[in-house]
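Encoded as C-alpha cells, the structure appears first; notes follow it.
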Amino acid sequence: MIKRNNYMNRIRPFIGNDLVKVLTGIRRCGKSVMLDLIKEEICASGVSSNQFISINFENMSNAHLCNATALHDEIIHRASKINGKVYLFFDEIQEVDAWEKCINSFRVELDCDIYITGSNAKLLSGELATYLAGRYVEFVIYPFSFSEFIELYNTVYPNTDIHQCFRKYLNIGGMPYLSNLRYDETASRQYLQDLFNSVELKDIVKRNNIRDVDMLERIIAYVTSNIGTTFSATSISKYLKSEGRSASSETVLAYIKACTDAFLFYQVKRNDLQGKKILTVNEKYYVADHGIREAKFASNTKDINLVLENIVYMEILRRGYNVTIGKVGDKEIDFVCEKQGNKLYIQVAYLLASEDTIKREFGVYDRIRDNFPKYVITMDEYDMSRNGIKHRNICDFLLESKWN
C-alpha cells in the first residue's frame, strides 16, 4: 500500500480533534485507502481498533442506513458499547439523505473523531455550510502522482527505467486500482472506461437530475478534447449547433459545473498579470486523470502537448498551490502558482525542437520583472536553461521534492 505521505502530512495535525475531516475527490482516486492509512496512524498512537466504526454507503448491506435518522440511531447504539473516544469513518457520505444533520449531531452527542469521504464538491456546499460552518477541514485527494505511480509500478515491474515508466503513465494515468491489473493496457482501458461511466452516471447524471445525457456526453467530449485550451460557453454552443444540437450558454455552463462538482474537470481562471485582476471569460479546463481521457478518446499521444500540460497542472494542485493562467499582453503563461506568499511560473511544451519554439516558450517571460522562479518544462533531455529561466525535463520536474 502506498503511504501517500503528501496527504498524511496534512491530515496528521487534525487527527483526534473535533473538526470533521472531509476527504473529497473523483471516484476511485484512493479516498477509501486514505481512511485505512488514517486508521493505521491512529492505531500506531495506541488507540484500539475496537473504537472504530466504519461504514461504506456504497455497500448495499448498508442501504438501510442511507437516511439521517437510521444512521444516527445505529451509530449511537454502537457507540454506547465503546469505552473512550469513538472514531467514525463514513465512506461516500453523500449517499445518506440529510447527512449533515447527522454528522453535526454526533459532534454534539459523542466524544468522537469523524472522517468522511465524498465524490462530489456539493458535499461542501448548501446545508453543510449551515451545520458544520467552521467545524470541518477539507482534503482533496487526487489520482497518483508520477512519483507514486513509479513506486507502485516498480513493485509489479522492478527496476523499470524512469522514462519507460513515464510513457506508461502518459497512456494509462494514475488511478490506483490499475496496479491490481498489473498495468495491462487492455484491461486498464476497460477499467477506466467503466470508471468514467460510473462517474458520469452516479456523480453527474443522477446527482444533477440530467435528462439529456447525449448533450452531456457531447459537452464532456468537447472539454476533454480541448483540455488546456481557452474556450467559452458560447464556442461550445456553436460547436453543438454544428453537430445538429442546440444548447444555450447557460445550459453548457451548468453541465460543465456538474462535471467539476464530480471532480472530473478542474477549472483554471485567467489572471491579467499587468492589470492584476482575474478575467471572467475563456477559462481553461483540465481532466482529473489523463488516463481516463486516453481510455475514452484514445488521443493522448496525438495531443501530447496538452496531456503534458494536464499532468503538470495536476501535480501543481497536489502540492497545494493556487493556480491561474497568466495573461501578459497578447501572451499567456500556462501556470502562475502561488502558495503562502511564494510564487512560481511554469510554461509547458512537448519539445524545444526549433529556435522559434525556444523563443516562444522562454520569451513569454520577457515582461515578468519579479524574481520568482520561472520554468519551461518539456520532454527534452538536454538542459536549455537561459536568462535565469530554468528548463527541466518533465520527469525530473515531477520527481523534484521541492520547486524553487
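The values are calculated or read from the model by the stated rules, or taken from the named source; none is laboratory data. Predicted model, so just to flag it, every value in this text is computed and none were measured. Cβ placement follows ideal geometry from the backbone for every residue including glycine, while neighbour counts extend to all protein chains displayed. Side chains included, ligands, DNA and RNA excluded: accessible areas come from the protein's heavy atoms. Shrake-Rupley method; radii C 1.70, N 1.55, O 1.52, S 1.80 Å.
Show the residue pairs that are 6+ apart or on different chains and have beta-carbon atoms under 8 Å apart, the first residue being within the range 388-399 and in contact (Cβ under 8 Å) with a residue 60 or more places away in the chain and under 13 Å from residue 145 (Cα atoms), the second being in a strand (DSSP E or B) and β-branched (Val, Ile, Thr). Matching pairs, first to second residue: 394/348; 394/377; 394/378; 397/377. Just one of the numbered conditions (1) open to solvent by 40 Å² or more (accessible area, probe 1.4 Å); (2) over 15 Å from residue 287 (Cβ atoms); (3) more than 17 Å from the chain's Cα centre (by Cα) is not true of residue 193: (2). Would you check if there is a residue in the range 275-289 being at pLDDT below 95 and part of a loop (DSSP other than H, G, I, E, B)? Within the range 275-289, one or more residues are at pLDDT below 95 and part of a loop (DSSP other than H, G, I, E, B).
Among residues that are touching a Cys at 6+ places or on another chain (Cβ under 9 Å) and either open to solvent by less than 30 Å² (accessible area, probe 1.4 Å) or not basic (Lys, Arg) (or both), residue 14 is not included. The set of residues in the range 205-224 being in contact with a Leu (Cβ under 8 Å, 6 or more places away or on another chain) and surrounded by 21 or more Cβ atoms within 10 Å (Cβ to Cβ) consists of 219, 220.
Scanning the range 77-126 for residues that are at pLDDT below 90, over 18 Å from residue 64 (Cα atoms) and of a type in the set (D, E, K, R) returns a single hit, 122. Look at the range 293-304: where a residue is of a type in the set (Val, Ile, Thr) and a partner is surrounded by fewer than 21 Cβ atoms within 10 Å (Cβ to Cβ), sitting 6+ places away or on another chain with Cβ atoms under 9 Å, you get 301/170; 301/171; 304/170; 304/350; 304/379. Would you call residue 74 open to solvent by less than 60 Å² (accessible area, probe 1.4 Å) and charged (D, E, K, R)? So residue 74 passes the test. The criterion of at least 3 residues that are over 25 Å from the mean Cα position of the chain (by Cα), of a type in the set (Asp, Glu) and closer than 21 Å to residue 206 by Cα is met by none of the helices (runs of 4 or more DSSP H) wholly inside the range 1-110. Here residue 147 passes the criteria (1) at pLDDT 90 or above; (2) open to solvent by less than 40 Å² (accessible area, probe 1.4 Å); (3) under 18 Å from residue 288 (Cβ atoms) except the one numbered (2). The requirement of being of a type in the set (Lys, Arg), in contact (Cβ under 8 Å) with a residue 12 or more places away in the chain and outside any helix (DSSP H, G or I) is fulfilled somewhere in the range 126-147, by at least one residue. For the range 249-264, a residue qualifies if it is open to solvent by 40 Å² or more (accessible area, probe 1.4 Å) and either over 12 Å from residue 212 (Cβ atoms) or of a type in the set (D, E, K, R) (or both), and the qualifying residues are 250, 253, 257. For the range 355-367, the set of residues classified as acidic (Asp, Glu) and surrounded by fewer than 17 Cβ atoms within 10 Å (Cβ to Cβ) consists of 355, 356, 366, listed by residue number.
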